[in-house]
Amino acid sequence: MQSRPYTPDDFLTLYAIEEVCFQPPLRFDRDYMWRLVHSRGTATWIAEENGRMAGFAIVEGIRKSIGAAAYILTLEVLPEFRHRGIGSELLRCVEDSARVANAATLGLHVDATNAGAIRLYEAHGFRCEGREENFYPPGRAALIYRKVLHTTEPG
Ligand SMILES: CC(C)(COP(=O)(O)OP(=O)(O)OC[C@H]1O[C@@H](n2cnc3c(N)ncnc32)[C@H](O)[C@@H]1OP(=O)(O)O)[C@@H](O)C(=O)NCCC(=O)NCCS
């Protein structure tokens, strides 16, 4: 498995993964996804196995000033590639992007019923800091997870 930054040629394959991993209304709209991955404030990482795209992750808040909060917009692995550590590798990539940008924290929302993703985040040191009712339509709650990347010493 290899991980690398996104290039514009990846978009169609990336969006096909989105269509497999999420059904409406949880799926990102194609135009919105295009804007996300081409925004200067995000970093997108691609995971490949034998030259085939297996998953991707998008993190935002990586161009802000020191102490900012970075945020994982999505993390997706095709079903046939799951449980092999690809999600973990993508998580390490987005964490590295956040650390390089000197983000103080890395946060995310996850569907409160998404037990597999929750286990993955907790295994990587993310802690649940709250719950937001009706975050996902129709009326589905999200858990708010955060990992502290560095603390700012006073003075
Ligand atoms: C959540 C998701 C990204 C995890 O991807 P993944 O590639 O399966 O992640 P990993 O393989 O790193 O870890 C997941 C599981 O595999 C296990 N695992 C990791 N490496 C492994 C290996 N070599 N052999 C066996 N199991 C392994 C992990 O312990 C974990 O097990 P668990 O879920 O039973 O606790 C994937 O399930 C997914 O795309 N889901 C749909 C989209 C989604 O919900 N994304 C989250 C949005 S917040």
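Summary of values
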read-out	value
Filter result (more than 9 Å from the ligand (Cβ to nearest atom) and either loosely packed, with under 14 Cβ neighbours inside 10 Å or of a type in the set (Lys, Arg) (or both)) within segment 108-121	THR113
Members of segment 27-47 that are under 20 Å from ARG82 (Cα atoms) and either of a type outside the set (D, E, K, R) or buried (at least 18 other Cβ atoms within 10 Å of the Cβ) (or both)	THR44, TRP45, ILE46, ALA47
Residue identified as under 27 Å from ALA54 (Cα atoms), in contact with a His (Cβ under 9 Å, 6 or more places away or on another chain) and hydroxyl-bearing (Ser, Thr, Tyr) among SER97, SER88	SER88
Extreme residue, surrounded by the most Cβ atoms within 10 Å (Cβ to Cβ), among residues of segment 122-138 that are in contact with a Lys or Arg (Cβ under 8 Å, 6 or more places away or on another chain) and not in a strand (DSSP E or B)	PHE126
Filtered residues of segment 75-107 (kept if at negative phi, within 6 Å of the ligand (Cβ to nearest atom) and not in a helix (DSSP H, G or I))	LEU75, GLU76, VAL77, ARG82, ARG84
Which numbered condition ALA141 fails, given (1) part of a strand (DSSP E or B); (2) under 21 Å from GLU48 (Cα atoms); (3) more than 7 Å from the ligand (Cβ to nearest atom)	(2)
Unique residue being under 20 Å from ALA142 (Cβ atoms) and in contact with a helix residue (DSSP H, G or I) (Cβ under 7 Å, 6 or more places away or on another chain) when the list is GLY87, GLY61	GLY87
Yes/no for GLU18 being within 16 Å of the ligand (Cβ to nearest atom), in a helix (DSSP H, G or I) and of a type in the set (Asp, Glu)	yes
Residue within segment 56-63 that is within 13 Å of the ligand (Cβ to nearest atom), over 16 Å from the mean Cα position of the chain (by Cα) and among the β-branched types (Val, Ile, Thr) present	no
Residues being farther than 23 Å from ARG131 by Cβ and among the hydroxyl-bearing types (Ser, Thr, Tyr) - total across segment 66-115	2
Residue that is nearest to the ligand (Cβ to nearest atom), among those in segment 33-48 that are out of contact with any strand residue (DSSP E or B) (no Cβ under 8 Å at 6 or more places or on another chain) and of a type outside the set (A, V, I, L, M, F, W, C)	ARG35
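Coordinate-derived values only; no laboratory data. This structure is a prediction, so every number in the text was calculated from the model and none was measured. Cβ atoms come from the backbone with ideal geometry, glycine included; neighbour counts cover every protein chain shown.
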